[in-house]
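Worksheet for the structure shown next.
The values are calculated or read from the model by the stated rules, or taken from the named source; none is laboratory data. What you see is a predicted model; the values in this text were computed from it and never measured. Cβ: placed from backbone, ideal geometry, glycine included. Neighbour counts: every protein chain shown. Note: areas computed on protein heavy atoms with side chains; ligands, DNA, RNA excluded. Shrake-Rupley method; radii C 1.70, N 1.55, O 1.52, S 1.80 Å.
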Amino acid sequence: TRLTDTFLHAPVRVEVARQATAAETITQGVVRHTAARKDVADSEKREILRRLIVAEGDTLTNAIVFCNRKRDVDVVFKSLKKHGMNVGALHGDLDQSIRTKTLDGFRSNEITVLVASDVAARGLDIPSVSHVYNYDVPIHSEDYVHRIGRTGRAGRSGKAITICFAHEEKHLDKIEELLGKPVPVM
């Protein structure tokens, strides 16, 4: 902006949407949880995710579950599959042919729940996603906006639910600071 003001005469700024903001068509929520013990925290988190997915019922037509680490993508994928969900996995270490096949399956509704790392948060054309779940609170607050931006597109409504454990609160605070408002507690 400073450069355009210096070198251009009567520049005009055009914005489609404010940078790093969530669409108004997305209903956001956060589920806060404190694990009973550290050794059961991961299994409790997977149980919370499964309950949240099941609770949405028929309103969930398809969903993306975001994890911060590729290892967690594999663990969450196996957990959801074990519990009878129609699920696929997507992260950067997968062969390109597998990623393409998984995305095609998700687009055609052969796969209902896609567990992904941030490789799926930006730049992929995945139309009409009804739900986004943040299994992990993103470390970088801008990633939150990109993740939840996978839903609520083209005037459709969408739902974004974040699972937040005590050690992730600092990341949630940064997200709320970026958004300029708190994420409603569910």
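Just a few scattered comments:
- Counted charge near Lys101, where neighbours are those whose Cβ lies closer than 12 Å (Asp, Glu -1; Lys, Arg +1): -1
- Using the Cβ-Cβ distance between Lys101 and Arg13 with R0 = 45 Å, the FRET efficiency computed as 1/(1 + (r/R0)^6) comes to roughly 0.60.
- Test item: Cα-centred dipole of segment 1-70, Lys/Arg +1 and Asp/Glu -1 on Cβ, debye: 360 debye
- Value of Rg/Rh across segment 1-81 [Cα atoms, Kirkwood radius]: 1.23
- Partner lysines for Lys78 [C-alpha distance under 22 Å; skip if fewer than 8 residues away on the same chain]: Lys38, Lys45, Lys70, Lys101
- Surface share of carbon and sulfur [accessible, 1.4 angstrom probe, percent] for the chain: 53 percent
- Potential lengthening of the chain between Met186 and Arg32 amounts to 54.6 nm, from the contour at 0.36 nm per residue minus the alpha-carbon distance.
- Ordering of 90-97, 131-138 by packing [mean C-beta count within 10 Å, highest first]: 131-138, 90-97
- Net dipole in debye of the chain [+1 Lys, Arg Cβ; -1 Asp, Glu Cβ; about Cα centre; nearest 20]: 200 debye
- Rounded accessible area per residue of the chain, 1.4 Å, Å²: 58 Å²
- Neighbourhood net charge (9 Å Cβ-Cβ; Lys/Arg +1, Asp/Glu -1) for Ile64: +2
- Around Ile26: net Lys/Arg minus Asp/Glu count, Cβ-Cβ under 12 Å: +4
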